[in-house]
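Working notes, structure below.
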Amino acid sequence: MITGRQVRAARALLNWTQERLAEKALVALTALKRLESERGLGVHEGTIDQVRRALETAGILFIESGQGRGVMLLNETSDIQTRQGRGRGRVESS
């Protein structure tokens with residue numbers, strides 16, 4: 001199961017606000033705030049799963065080992081292209 005810290009770290013890697021993640025995951029903003037809370041507030045497993053899937057779709061890999069938990073951003077260049085819009089700002093050579 002992912003943690004609130006991992007979700008906050010993933011959002012930071014993607015440069016997403018809580019509002020954007022809630023929209024992408026199709027969850028209520030209040031539910032996301034509860035998930036990210038330092039106090040460990042309860043959240044439905046379905047909400048956690050939707051948030052995880054939205055972040056994974058955006059290129060986040062959740063990591064868990066004997067040494068701890070973390071996140072990694074995969075395919076950062078394709079994520080940048082998605083944020084900037086495909087083909088915009090491309091320089092063509094002649």
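Read the figures in this text as sums done on the coordinates, not as results from a lab. Remember, predicted model here, so these are calculated numbers, not experimental data. For neighbour counting, all protein chains shown are included, and Cβ atoms are generated from backbone atoms with ideal geometry for every residue, glycine included.
Once the Cα-Cα distance is subtracted from the 0.36 nm per residue extended length, the Asn15 to Leu41 segment shows a gain of 7.0 nm. Other residues lying with their Cβ under 11 Å from the Cβ of Gly46 contribute a combined charge of 0, Lys and Arg counting +1, Asp and Glu -1.
Using a cut-off of under 18 Å, list every residue of region 32-70 whose amide N is near the label point 7 Å from the Cα of Arg5 along the Cα-to-beta-carbon line. The answer is 34-42, 61-70.
When peptides 31-44, 14-27 are sorted by average Cβ neighbour count within 10 Å, with the highest value leading, the order is 14-27, 31-44.
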